[in-house]
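Heads up, the thing below is written out as structure tokens.
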Amino acid sequence: MRFDILTLFPEIFSGYLNQSLLKKAQDRGLVEVHLHNFRHWSWDRDRRVDDRPYGGGPGMVLRPEPVVECAEDVQAMHPQPGHLVLLTPQGQRLNQALVEQLAQHPRLILICGRYEGFDERVRLILRPQEISIGDYVLNGGEVAAMVIIDAVIRLVPGVLGDEDSSVQDSFSGPERWLEGPQYTRPREYRGYRVPDVLLSGDHEAIRRWRQEQSRIRTAQRRPELLQPPLDKDSQSGT
Ligand code: ADE
């Protein structure tokens, strides 16, 4: 899987890209990450990428040419067409189902903004999928891009070892419940004992216990996840 990241601050990614799981995935050729500083696509002699908003108002807006032209050139750098993603608090909110959709693309091009946002023509011309990682405003899209990469590579075949498989993760089973409690050694710690069923060796009993614990935890913490999704007709009020 290939990621191309368009950013004004490529150095933000260096520590992250060298962390163990992602590093291993890159060393094994399962994941490639390419950074592109769209300042290099600025038309200005002084490489400015932002300007004051027309109509007035606070802050600066990213001009369209560096972002659009960088995205077009990066798209042409590899024969596999990339799926364009714009990180913005105005986008579709990220969840595990969306992560699974993103992981279907062999190549993602992630566009990170800064300042007060993008000139609207970036959206109109590139028609990217717009994604938000939550209802809060970050200083830029870089952290959001790392969140997406982090979640997506867990689903790339071979990135996690077999024993670390993502199928038991929270939100990942058919029911999309939270994961239940986990235990390791010692068997007893400060008076708290590992539940007997986990020591029983009875795989079916363990599977049932885990499923029940997952349901209880979801009911306690995120009861809305247990509700069946509303169908579209009732959502639109028709
Ligand atoms: N850029 C700024 N805030 C963001 C958010 N919440 N999600 C994605 N990109 C962002």
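Please determine whether any residue of segment 175-184 is at pLDDT below 95, within 30 Å of ILE12 (Cα to Cα), away from the ligand (no atom under 16 Å from the Cβ) and among the aromatic types (Phe, Trp, Tyr).
Looking for residues that are at pLDDT below 95, within 30 Å of ILE12 (Cα to Cα), away from the ligand (no atom under 16 Å from the Cβ) and among the aromatic types (Phe, Trp, Tyr), one finds none in segment 175-184, hence no.
Exactly one of these conditions fails for ILE148: (1) touching a residue at least 60 places away in the same chain (Cβ under 8 Å); (2) within 12 Å of the ligand (Cβ to nearest atom); (3) among the hydrophobic types (A, V, I, L, M, F, W, C); (4) under 16 Å from LEU8 (Cα atoms). Give me its number.
Result: ILE148 fails condition (4) only.
From the list VAL159, VAL137, VAL143, pick out the single residue that is within 16 Å of the ligand (Cβ to nearest atom), of a type in the set (Val, Ile, Thr) and assigned to a loop (DSSP other than H, G, I, E, B). Talk me through it step by step, then tell me what you get.
Values: VAL159 fails: within 16 Å of the ligand (Cβ to nearest atom); VAL143 fails: assigned to a loop (DSSP other than H, G, I, E, B).
On inspection, the qualifying residue turns out to be VAL137.
Read through the list (1) away from the ligand (no atom under 16 Å from the Cβ); (2) more than 18 Å from ASP4 (Cα to Cα); (3) crowded, with 18+ Cβ neighbours inside 10 Å, then give the number of the only condition that ILE153 fails.
(2)
When segment 72-102 is examined, which residues are found to be charged (D, E, K, R) and under 11 Å from the mean Cα position of the chain (by Cα)? Reasoning before the result, please.
Taking segment 72-102 first, the residues charged (D, E, K, R) are 72-73, 93, 100.
Selection gives ARG93, GLU100.
Looking at segment 68-92, which of its residues are surrounded by fewer than 19 Cβ atoms within 10 Å (Cβ to Cβ) and of a type outside the set (Asp, Glu)?
Initial filter on segment 68-92 (surrounded by fewer than 19 Cβ atoms within 10 Å (Cβ to Cβ)): 69, 72-73, 75-81, 83, 89-92.
Within segment 68-92, GLN75, ALA76, MET77, HIS78, PRO79, GLN80, PRO81, HIS83, PRO89, GLN90, GLY91, GLN92 meet the criteria.
Which of the strands (runs of 3 or more DSSP E) contained wholly in segment 24-125 include at least 3 residues that are within 16 Å of the ligand (Cβ to nearest atom)? Full working, then the answer.
On the way: elements: 32-37, 83-93, 107-112.
Counting at least 3 such residues, we get 83-93, 107-112.
Applying the selection to segment 135-160, what residues are over 27 Å from LEU30 (Cα atoms) and either in contact with a helix residue (DSSP H, G or I) (Cβ under 9 Å, 6 or more places away or on another chain) or of a type in the set (Ser, Thr, Tyr) (or both)?
Just the residues of segment 135-160 that are over 27 Å from LEU30 (Cα atoms), to begin with: 135-140.
Result: TYR136, LEU138, GLY140.
Residues ILE216, ILE125, ILE206: which one is surrounded by 13 or more Cβ atoms within 10 Å (Cβ to Cβ), closer than 25 Å to GLN101 by Cβ and either in contact with a His (Cβ under 6 Å, 6 or more places away or on another chain) or among the hydrophobic types (A, V, I, L, M, F, W, C) (or both)?
ILE125 is the lone residue from the list that is surrounded by 13 or more Cβ atoms within 10 Å (Cβ to Cβ), closer than 25 Å to GLN101 by Cβ and either in contact with a His (Cβ under 6 Å, 6 or more places away or on another chain) or among the hydrophobic types (A, V, I, L, M, F, W, C) (or both).
The rows are residues; the columns are (1) surrounded by 15 or more Cβ atoms within 10 Å (Cβ to Cβ); (2) of a type in the set (Phe, Trp, Tyr); (3) in contact with a helix residue (DSSP H, G or I) (Cβ under 6 Å, 6 or more places away or on another chain).
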site	(1), (2), (3)
VAL31	yes, no, yes
ARG45	no, no, no
ARG52	no, no, no
LEU94	yes, no, no
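Identify the single condition in (1) within 14 Å of ASP119 (Cβ to Cβ); (2) surrounded by fewer than 16 Cβ atoms within 10 Å (Cβ to Cβ) that PRO64 does not satisfy, given that it satisfies every other one.
(2)
Which residue out of ILE125, ILE133 is within 27 Å of GLY91 (Cβ to Cβ), in the same structural domain as PRO81 (by TED's automatic domain parsing) and under 19 Å from the mean Cα position of the chain (by Cα)? Before you say what the answer is, go through the steps one by one.
Values: ILE125 fails: under 19 Å from the mean Cα position of the chain (by Cα).
Being within 27 Å of GLY91 (Cβ to Cβ), in the same structural domain as PRO81 (by TED's automatic domain parsing) and under 19 Å from the mean Cα position of the chain (by Cα) holds for just one of ILE125, ILE133, which is ILE133.
Would you be able to say whether some residue in segment 126-133 is closer than 30 Å to GLN26 by Cα and either assigned to a helix (DSSP H, G or I) or away from the ligand (no atom under 16 Å from the Cβ) (or both)?
Residues of segment 126-133 that are closer than 30 Å to GLN26 by Cα, as a first pass: 126-133.
If we keep only those that are either assigned to a helix (DSSP H, G or I) or away from the ligand (no atom under 16 Å from the Cβ) (or both) as well, we get 126-127.
Yes, segment 126-133 has at least one match.
The values are calculated or read from the model by the stated rules, or taken from the named source; none is laboratory data. None of the values given here were measured: they were computed from a predicted structure. As a convention, Cβ positions derive from the backbone with ideal geometry for all residues, glycine included, and neighbour counts pool all protein chains shown.
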